[in-house]
Structure formats: structure tokens, C-alpha cells
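Asker: Dropping the structure in here first, questions after.
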Amino acid sequence: MTQMSRQQAKMNRHGYFFCLPFVIVFLIFNFWPTIYTFLLGFGNLRGLKSSFSLIGLDNFVKLVQDKYFWGAVANTFIIWGMNFAPQLGLALLFAIWLTDVKLNLRGTGLFRALFYLPNLLTATSVAILYRSLFGYPIGPVNQFLMKFCGMGEAFNFFRSIPAARIIVSFIQWWMWCGQTLILLMAGITSISPSLYESATIDGASNWQCTWKITVPLLRPIMFFLLITSMVGGMQMFDIPFLLTGMHGEPDYKIRTTAIYMYNMAFQGRNDYSYAAAISIGMFIITVILAVFINTITKEREPRARHATGGAK
């Protein structure tokens, strides 16, 4: 063995040594819980039992027939859709505005910081804040509506399905719009200025430059945001859980799949195996939708022309 190869082998051993803590932590706190969750999904662990036996696909058959699970899935996508559509639209609008060279706005760094600031707050503090703002009957919003808008009596926002959904969606938008804005601004600043200069010389207006250059080149980032936001939306838990009394009231229309899983696991029957099956169902739905979105949005190669008799 040469001196070079011995040094390389020594460096490799050192590399394995430094990677070992991460591997151990990953195996204990990520890989094994994932495997155990899949095992629980095929078992019958509930209540105070410490052991379980495998029962096959019974939990998944029950899950497919569970109207409350599919209702929670529908609630999740309704709230996520009400949040993501304005989030992407407004973030794109502000990103274009703040990165416009012709406007040359001052303080764009401050704007980015202010937009991103809500994302640094904890979900618990945000939920308490909005629970107080829209409190019934003496919350600040009710006081304002009764004093300045002529409303005769206080309105219980958290007993109205549309109002509760709008509040939860607005909070999700308020907390995550800043991150979307920063990613879109990074995407716009990575576009070569020569493209805009060439389009301007050819007589293109600002709107045409935005629609024909900026938006098409931002498609990969927007699809990334769509998929990551959908994955996060399927895991939506803390805000609706804390705002609506831990069960997704009113009428369980704010109960997301994550809240339903929590209710099954830690409230009532403590059916841990069925809760594990719910989490696996969430995972399968997310994967299917991510693959579907990736399939319909990926760039398609033009079909090659096949030579035919007489064709030129």
C-alpha cells in the first residue's frame, strides 16, 4: 500500500467516525420510529397495553371505510387550498414588485425581514394571540365591529364554520407567506438581466416581461412550493388544534387528518394502532398527490417526428 493510499484510508476512517453521531441519532429518532409506526399500523395496540399482535390489514380496511377520516382529509385540503392560493399569488406579486430594477425600491431587506418575521413565532403564541383577538364576546375584533361597524351583538367566530376556516387559513398564510416570498425573490434574482434587456429592446412592456420571462422561469420553484406546501398542509396540526378546542370544532369542520390521528391515539380509546394506520394513510395520500403533481407539471419533450413514406 502506498503512502497516498494509506493517508486516504485514514481520512476515510475519520470521516466515518464524524458521521457516526448523526447516523446513530437518525436510526434512533427517525428510522426506528418510522418502522415502529408501520408495525403498529398492522397491529392491535390500544389502551394501557404494552404489547400487541399483528392483525393484518384490518386497520386499513377500517380506514378506507371511515367517513370521519375522509372528512378530515377534505377539511385539510379545504383549509390548505384557502391558504396556499392567496399565499402564492400575493408572494409572487410582492416578489416581482420588490425585485423590479426599474422601481429600485429601497429597504427591500427590511421588507423581507418583516414578511418573514411571523414564521419565527411559535404556533402556541400565535394561536393564543388570535384566540384573544377573535374572542367572544369581548375580543378586540368584536369590540371594533360593534363600535364602528354597527354590529348589534358580538359574533362567535369559532362557532361559525366559514369564519373558523378563514381564520385558520389566514393564520397559515400569515405565518408562511414570508418564506414563500423569499424563495420567489431568490428565484427572480437568479434570472439573467440580459433576458429582460433583450425583451425591452424588442419593445416588450413590463407586463410582457413578467408574464413571458419571469413566471415561466419560476415554474420549478412554484412547483417545489406547491409540493412542499401540500406536504406541510397534510401535517397541519398546531393552529387548528389550539384554536378549536382540540377536536376541530365547530362540527368537526376544522379537524384535520393530524388532529384526527391525535384524537384516536391520545384521547378516548387510545387506539394507537389505528392512529398509526391514519398516519400511513396520510403518507400514502401525500405520495400519490406529489407524484401526480410532478407528472402533470414536468416539462414534456416534443415528440420526435417519424419518417413516413414520401415525407420530407
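The values are calculated or read from the model by the stated rules, or taken from the named source; none is laboratory data. Please read these numbers as outputs of a predicted model, since none were measured by experiment. Cβ atoms come from the backbone with ideal geometry, glycine included; neighbour counts cover every protein chain shown. Side chains are part of the model used for accessible areas, which takes the heavy atoms of the whole protein and leaves out ligands, DNA and RNA. Shrake-Rupley method; radii C 1.70, N 1.55, O 1.52, S 1.80 Å.
Asker: Can you tell me the equivalent ellipsoid semi-axes for the range 171-312? Use √(5λ) from the Cα gyration tensor, largest first, whole Å.
Answerer: 44, 24, 10
Asker: Taking only the Cα atoms of the range 21-116, how large is their convex hull per residue, in Å³?
Answerer: Each residue corresponds to 212 Å³ of Cα convex hull volume.
Asker: Quick one, could you list the DSSP H helices from the chain stretching 30 Å or more along their long axis (Cα atoms) with average Kyte-Doolittle hydropathy of 1.6 or above?
Answerer: Taking the DSSP H segments of the chain (at least 30 Å long, mean hydropathy at least 1.6), we get 272-297.
Asker: I've got another one for you. Which sequence of 52, 157, 69 reflects their accessible areas, 1.4 Å probe, from the largest down?
Answerer: Most to least solvent-accessible, the answer reads 52, 157, 69.
Asker: Size of the dipole of the chain about the Cα centre, Lys and Arg at +1 and Asp and Glu at -1 on the beta carbon, nothing else charged, in debye to 20?
Answerer: Taking the Cα centre of the chain as origin, the dipole is about 560 debye.
Asker: May I ask for the net charge around residue 47, where only other residues with Cβ less than 14 Å from the Cβ of residue 47 are counted and Lys, Arg are +1 while Asp, Glu are -1?
Answerer: Result for the local shell: +2.
Asker: Can you give the accessible area per residue of the chain, in Å², using a 1.4 Å probe?
Answerer: With the other protein chains kept in place, the chain gives 63 Å² per residue.
Asker: Separate question: With only Lys, Arg, Asp and Glu charged, each at its Cβ (+1 for the first two, -1 for the last two), find how big the charge dipole of the range 154-312 is about the Cα centre; round to the nearest 20 debye.
Answerer: With Lys and Arg at +1 and Asp and Glu at -1, about 480 debye.
Asker: Shifting gears a bit: Using the 2.2 N^0.38 Å rule of thumb for compact globular proteins, work out how the range 113-170 stacks up: its C-alpha Rg over that value, please.
Answerer: Relative to the rule-of-thumb radius for its length, the range 113-170 sits at 1.27.
Asker: Could you rank 252, 274, 16 by how accessible they are, 1.4 Å probe, largest area first?
Answerer: Correct descending sequence by accessible area is 16, 252, 274.
Asker: Rounded to the nearest 500, what is the chain's calculated 222 nm mean residue ellipticity when only DSSP H runs of at least 4 contribute -39500 (n - 2.57) each, over all residues?
Answerer: -21000 deg cm²/dmol
Asker: Are any of the pairs 212/298; 102/212; 62/253; 102/298 more than 23 Å apart by Cα-Cα distance, and if so, which?
Answerer: Over 23 Å Cα-Cα: 102/298.
Asker: Roughly speaking, to the nearest percent, how much of the chain's 1.4 Å accessible area is carbon and sulfur?
Answerer: 68 percent
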